[in-house]
Structure formats: structure tokens, C-alpha cells
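Note sheet for the following structure.
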Ligand code: NAD
Ligand code: SF4
């Protein structure tokens, strides 16, 4: 039997290395974030390094943003370094709120020093004097661990003179994690997204160049600089580079966060969590949180990587693997996602504000048995409008999982209900 998933903190903060879990495909490599990471040794070692060498190391490692969008980290750092103007700021986006995503919470609770060290390196590269950790308001334990780590870093002289980091607790709300809404909130305005471009790399906080990275990306920066880009690349499987924290939830025996080599098949991530509840099969899985479409259980051997999951018709997103077991009502899950986006729409732009409500109303009516031939086409058209005209990612994906499932799971009885093809009374 597979060992129960270990608490991430035990792996990260000097605890035992995790037992070598044996999954169907053979032994999984041990977790390289595990074991003792000597606090701030990397920042000290790279103290006098040429900033260009830091950027080169990230480029050689092939690191892409791990907050969901996969933008190449080295390019973001290079753009911000090259941008003119002031003030210059480094921001850690710790407003993790994508449904199914809880990897950053554990990293912040267990190893905030990795994130602080990554921010210190970012500040040196872009010439920032100020750093901000923008934290989700519900993350109380992370708030405490970050505060303690910041005090420790100041005590060691790593923070303070020249560069310091402030902990800012988000006023709350999903959209406040969108990087430009986050900037608005920090500038004491209503937290609504800005039009991009300009990107924050050039015009960010108070109009100055701003480096905004996700928690896991910054932790990965420290790990890459500690061990080297070749080492990072070698951690992946099947030609993929590096490591990824994946939050697994839904119908698995033990939901949890696992640090997996890129390229690990989805099936193994599920096995790491004790498999599917009650030994059932997988009806569908969403690899990247609520913004990414569900894929069928027949694709469980797809490697966890941005490219493979995009080719499969979905995306790795934040690495939030949500498993739906056979026997569960997929339409219910899809509706819950669509309602989430409707509720969280900030209302700044009309297509998202009106379209997300309209989409949910249409789908709910169909699911309630008010058979409406053509509802699938109407939802598709509505999604197309939202995707083309919404100014931020929320509106662009609000109806995507529903619309995608209408085709991909067309044979699934609950989805047929959503398509308006089966009256409620006759659906199973
Ligand atoms: P995006 O593709 O617009 O941008 C990604 C990053 O790259 C941003 O930091 C952006 O500023 C930068 N960028 C892109 N093009 C650039 C350019 N030409 N020059 C300089 N910088 C550039 O995506 P986004 O709207 O920032 O994020 C969407 C993603 O966020 C989704 O894929 C979703 O998975 C993820 N998401 C994550 C969470 C979470 O809790 N972690 C929550 C909601 C959404
Ligand atoms: Fe707000 Fe939606 Fe427009 Fe994004 S797309 S700015 S969430 S109304």
C-alpha cells in the first residue's frame, strides 16, 4: 500500500525525508525541497553575483510562473530589470484563491524563508528597495509563520537596510489576487483589474516597475539557485524539468499537497493520495483548478506539464488536481464552478458582470429540467463573447469548463441534462 501523504511541513523544515513512495510506475524521486535548507545560505552565496547571471540561471532552469499562467520567470525578471522608473518593488502574490488550490498555503506555513530568499534575490536583480507579501486574508497560520520569518531575516541582517519586506493582508475577495487588482488594493483603491498592457513589469505599484511572482515561483527560484539549473532540470521525468507542488482534492482518499517531478502521470498523483474513494474509477479530473476544463478518466496517464495538459485540451494552471469519481453528478460540479465565478465577478466590465449571471441562469434552467433545445449553443456563444471581451482572466474562463464539458462529456447523463436534452424527470 502507498504510504499516507506526509505533512509538507515535516518534509520541508528539517524533518525526515519522505519515505520513497512506490507507485505503479516505480519509485518516485525523493522530494528535493525536503530536508534541511540552510536558511539564507543561497542569498549569501549569490551576494555579489551579477544580476544577469541570476536571470541566466532561471532561464537555464526553464522556470515558468507557477501561479497558473506559466510566463517565463527569467523574462519577467529581465523585463522588470530593464524597465525605467521608480519606485521599484518586489511583490509576492500569496492571495491564493483558485478553487482547489492550496499549495502556497503549505509552502508559506512550512518554509516562508524560501519565499523571502527568492524575494531578496528578485530585489537585487531589479534594484528594489521595497518588498510586499500580499497574503490571502484567511491564511492565519501563514500570517504567523511569515511574520516570524521576517523577524528572523531582519535579525540576521538580510532585511532592513536597503531592502525590507512588508506583510500586507488582502482585504479579501478572489479577484484581489489578480495581479493588477492587487496593485489597486495596495494603492488603496477598489480592487478591480486594470487593462494590460502595460504590464506591471513596466508600470506597476505607484507607476514603477514591479516584479510580481507567485509564492511557489519564488520558492523555486531559491531552490534553483541553491542547487543549480542542471540539478533542477534533472528532477523532472520524461524530458520535463523541475518540480511542482500539486494540490490534490475531490474524490481521493486523502487530499493533500505533493511535490512531484514535472512529467509525473496524473494517475500517480492520485495514487499518492490513496487513490479514488471507495475504489471507484475516475469519471473526470481537472488538472489546474476551476479555470481549466475537466478531462476524462481515460487520460489519467497524461504527464503533469503545461504542454501536455494544454494539448489534451485543458491546462496545468495552478496544479490543482480535482478528481471526480464515477457516480458523481458532474453537472453539479460544473454548476458550482460557474456560480463561483459569477459570485466573484468584480463587475467592472459588462460582458463578465452580465454574461456570468446569464450563463449560470441558462445552465441552471437546463439542469432543473426546463428543457431548452439550443441552450448548449447559447452557452457557447456567451462564452465566446466573454472570452473575447472580458478584461481579465475571470471573465475569460467563467463559462469555459461548462462549455467545454458540454462537448467532451456529451455522453454523460448529467451533462446531457445541462445541454437541455434530457428532462429532469428522466435523468438518472
Ligand atoms: P497573464 O497570462 O496575463 O500573465 C501572466 C504573468 O505574465 C503576469 O504576471 C503578467 O504581468 C506577465 N506578462 C504576460 N505578458 C507579459 C509581457 N508581454 N510583458 C511583461 N509581463 C508579461 O495571466 P494572469 O491573468 O496574470 O493570470 C492568469 C492565471 O492565473 C490563470 O492561468 C489562472 O490559472 C491563475 N490564477 C491563479 C490563482 C491562484 O490562486 N494562484 C487564482 C486565480 C487565477
Ligand atoms: Fe471584473 Fe470580470 Fe471584468 Fe475581470 S472580467 S475585470 S472580474 S468584471
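We did not get these values from a lab; they are worked out from the coordinates using the rules stated. Computed from a predicted model, the values in this text were never measured in an experiment. A quick note on method: Cβ atoms are made from the backbone with ideal geometry, for glycine too, and the neighbour counts reach across all protein chains shown.
Points to keep in mind about this one:
- Once the Cα gyration tensor of segment 148-259 is diagonalised, semi-axes √(5λ) in Å: 29, 22, 17
- Inter-label distance, nm, simple model (7 Å from Cα along the C-beta direction), residue 50/residue 410: 5.7
- Pairwise Cα distances in segment 187-328 exceed 23 Å for 46 percent of all pairs.
- A helix-only calculation puts the chain at -12000 deg cm²/dmol for mean residue ellipticity at 222 nm, using -39500 (n - 2.57) for each DSSP H run of at least four residues, averaged over all residues.
- Across the chain, Cα-Cα pairs more than 35 Å apart make up 29 percent of the total.
- Length gained on full extension, residue 381 to residue 164, computed as 0.36 nm times the residue gap minus the Cα-Cα distance: 73.3 nm.
- Degrees between helix 350-367 axis and first principal axis of the chain (Cα, 0 to 90, nearest 10): 40
- Size of segment 271-359 from its Cα atoms: along the principal axes, largest to smallest, the extents are 43, 30, 18 Å.
- Using alpha-carbon coordinates, inclination of helix 73-82 to the longest axis of the chain, degrees: 50
- Rg and Dmax [Cα atoms of segment 45-106; Å; Rg one decimal, Dmax integer]: 14.0, 41
- Comparing 154, 88, 380 in a Gaussian network model of the chain where C-alpha atoms under 10 Å apart are linked, the largest mean-square fluctuation is found at 154.
- Note on residue 354 and residue 60: with the Förster distance fixed at 45 Å, the Cβ-Cβ geometry gives a FRET efficiency of about 0.45.
- In plain terms, the C-alpha convex hull of segment 326-415 casts an average shadow of 5.5 nm² when viewed from every direction.
- Here the peptides 331-339, 40-48, 92-100, 242-250 are ranked by packing, the mean other Cβ count within 10 Å, and the order with the highest first is 92-100, 242-250, 331-339, 40-48.
- If R0 is 30 Å, the Cβ-Cβ spacing of residue 388 and residue 70 corresponds to a FRET efficiency of close to 0.90.
- Against the chain, whose longest principal axis is taken from its Cα atoms, helix 215-227 shows a tilt of about 50°.
- Shown is the FRET efficiency for residue 187 and residue 144, computed with R0 = 25 Å from the Cβ-Cβ distance and rounded to the nearest 0.05: 0.40.
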